[in-house]
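J.: Supplied in structure tokens, the structure appears directly below.
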Amino acid sequence: MPPQNVFRGLCGEGGVFKDERALQPEFIPDVLPHRDVQIRELALALKPAAEGRKPENVVIVGPPGTGKTATARFVLKQLSEYSSKVAPLYVNCWEFSTRHAVLSQVCSLLGVFMPRRGIAADEIFARCAEVMRKEKKIAIVVLDEVDRLLAGRNDEEKVLYDLLRAGETHGVVFGVVGITNSEDFLCKLDNRIRSSLSQREVPFARYSPAQLKDILGERSKLAFIDGALSGDAIPLCAAHAAKNGGDARLGLLALWKAGKAAEADGASRVEAGHCKKAFSAAQALVREERLAGLCDVEKRIVAIAEEKGEVTSGELYSLLAAEFSETDRTIRNYIERLEALKLISAEERPRGKDQKGNTRIIRPLPPR
């Protein structure tokens, strides 16, 4: 008798999901609990574009997992449904981290085919502007993780100047929404860029435990079949997210991983034990995503911290100088970004009596 097909063998085993996509980071829900104020602020800034007028530029700032990206994409979706005069464009600067790459992606999203090589950034932007003039649209460009453009030495933030000054240089209008974890992002920008970009700042605070329960509760209605969650599941996952900085994304991934653990056990309900098993796996997923988006210097900083357990900022600069040609200021920017991503900690410590100023002690932050 031939062996049974492995997939037939799984039939009849426990199933808890109705649509697990609702727990994934890229999912845009119809309801975003506890972000009404931020949604309204962003909508007010962008509404003029729907009327053919210049919108306000916006900087969205807050810790990871506080709904910044979800809110921006939610408002973009609503704006495109409301008006045909707007071209909503979303660019993740982790993936597109240079001026050339950002402008190429903007062109691609506008429907313009661009060869991968051989065309200068200025020419790419000119083609983008030509399309917008023909279609008589205003583009809203969301630049997620916009601080990535400041990470290198090649003046990649000039793309912000391109977009913000497009009216003067090409006769077209771009609205720019920058999303960042860095509270001092604007301070690091050239004065000409800062004055145009900082027309409206929308802060996002960490979620409280009660807010995280509401968020997970709303998503669970979409993700799980009725009765598939025990009474402990959502409170446990929300508490885990609250313990790790109020990160809703971590809570959603923990709930998803708990559901997968329940299915692997053939269970028809997600119990507390499944949630506790899921915590380390969810934390590892978030960490892997963040590590994958780092540049070579950032990866090396994390590696040095992990190798040594702790290292002073001076020692770190010396080690990096042997491998990279980065300025101390650029390395400080890298360290701040890695702190925001909770991959390292950097503690200020006074120097010795014969030394001026403070130093920082850099340590790795492993998943909890």
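J.: How large is the charge dipole for region 208-291, taken about the Cα centre, if only the Cβ atoms of Lys, Arg (+1) and Asp, Glu (-1) carry charge, to the nearest 20 debye?
T.: Values: 12 positive and 10 negative charges, 41 e Å.
In debye, rounded to 20, region 208-291 gives about 200.
J.: State whether region 208-291 is rounded, prolate or oblate according to the following rule on the C-alpha gyration tensor (a ≥ b ≥ c being the square roots of its eigenvalues): a/c under 1.5 gives rounded; otherwise a/b larger than b/c gives prolate, and the remaining case gives oblate.
T.: On the way: a/c = 1.84, a/b = 1.23, b/c = 1.49.
In terms of gyration-tensor shape, oblate.
J.: Quick one: if you stick a label point 7 Å off each Cα along the C-beta vector at PHE27 and GLU168, how many nm between them?
T.: So the two model labels end up 4.5 nm from each other.
J.: Can I ask one more? If a/c stays under 1.5 just call it rounded; otherwise compare a/b with b/c (prolate if a/b is bigger, oblate if not). Do that for the chain, with a ≥ b ≥ c from the square roots of the Cα gyration tensor eigenvalues.
T.: Working: a/c = 1.81, a/b = 1.18, b/c = 1.53.
Oblate, since a/c reaches 1.5 and b/c is not below a/b.
J.: What 222 nm value per residue comes from the helices of the chain, counting each DSSP H run with n ≥ 4 as -39,500 (n - 2.57) and dividing by all residues, nearest 500 deg cm²/dmol? Could you put the intermediate results ahead of the total?
T.: On the way: 15 runs with 179 residues, N = 368.
The per-residue figure over the chain is -15000 deg cm²/dmol.
J.: Within the chain, what percent of beta bridges assigned by DSSP are antiparallel, to the nearest 5? Could the numbers behind the result be given before it?
T.: Numbers: 10 of 32 bridges.
Beta bridges within the chain, antiparallel portion: roughly 30 percent.
J.: Please check: in the Gaussian network model of the chain (C-alpha springs, under 10 Å), which one of ASN92, ASN358, ASN57 has the largest mean-square fluctuation.
T.: So, out of ASN92, ASN358, ASN57, the one fluctuating most is ASN358.
J.: Taking θ = phi - 60°, what integer Hz values does the Karplus form 6.51 cos²θ - 1.76 cosθ + 1.60 yield along region 40-51, in sequence order, with x for Gly and Pro?
T.: With the stated coefficients, region 40-51 comes to 5, 4, 5, 5, 4, 5, 9, 4, x, 4, 5, 9 Hz.
J.: Residue by residue, what Karplus-based ³J(HN,Hα) values in Hz, rounded to whole numbers, does region 285-292 have, using 6.51, -1.76 and 1.60 with θ = phi - 60° and x for Gly and Pro?
T.: Here the 3J(HN,Hα) series is 4, 4, 5, 4, 4, 5, 5, 5 Hz.
J.: Looking only at ALA340, ALA248, ALA238, which one moves most when the chain is put into a Gaussian network model with springs between Cα atoms under 10 Å?
T.: Highest fluctuation of the listed residues: ALA340.
J.: Which value, in debye to the nearest 20, describes the size of the charge dipole of the chain about its Cα centre when Lys and Arg Cβ atoms bear +1, Asp and Glu Cβ atoms bear -1, and nothing else is charged?
T.: Numbers: 55 positive and 51 negative charges, 76 e Å.
For this selection, approximately 360 debye.
J.: If amide hydrogens are placed 1.01 Å from N in the peptide plane, which non-local residues have theirs closer than 5 Å to the one on PHE174?
T.: Result for PHE174 returns ALA166, GLY167.
J.: Springs between alpha-carbon pairs under 10 angstrom, Gaussian network model over the chain: which of ALA258, ALA322, ALA210 fluctuates most?
T.: Among ALA258, ALA322, ALA210, the largest mean-square fluctuation in the Gaussian network model of the chain belongs to ALA322.
J.: Which cross-chain or sequence-distant (5 or more) residues have an amide H under 5 Å from the amide H of THR359, H modelled 1.01 Å from N in plane?
T.: Long-range HN contacts for THR359: ARG349, ARG351.
J.: Another one. Taking amide H positions as placed 1.01 Å from N in the peptide plane, with prolines and chain starts having none, which residues 5 or more places from ILE60, or on another chain, fall under 5 Å of its amide H?
T.: Correct list: GLY178, ILE179, THR180, VAL202.
J.: Under the Karplus relation 6.51 cos²θ - 1.76 cosθ + 1.60, θ = phi - 60°, what is the ordered set of whole-Hz ³J(HN,Hα) values for region 157-164, x standing for Gly and Pro?
T.: 5, 4, 4, 5, 4, 3, 6, 6
J.: With the Cα gyration tensor of region 65-188 giving a ≥ b ≥ c as the square roots of its eigenvalues, does the rule (a/c under 1.5 for rounded; else a/b larger than b/c for prolate; else oblate) give rounded, prolate or oblate?
T.: oblate
A short reminder: the numbers here are calculations on the coordinates, not readings from a lab. Everything numeric in this text was worked out from a predicted model, so none of it was measured. Here Cβ is always computed from backbone atoms with ideal geometry, including for glycine, and neighbour counts include all displayed protein chains.
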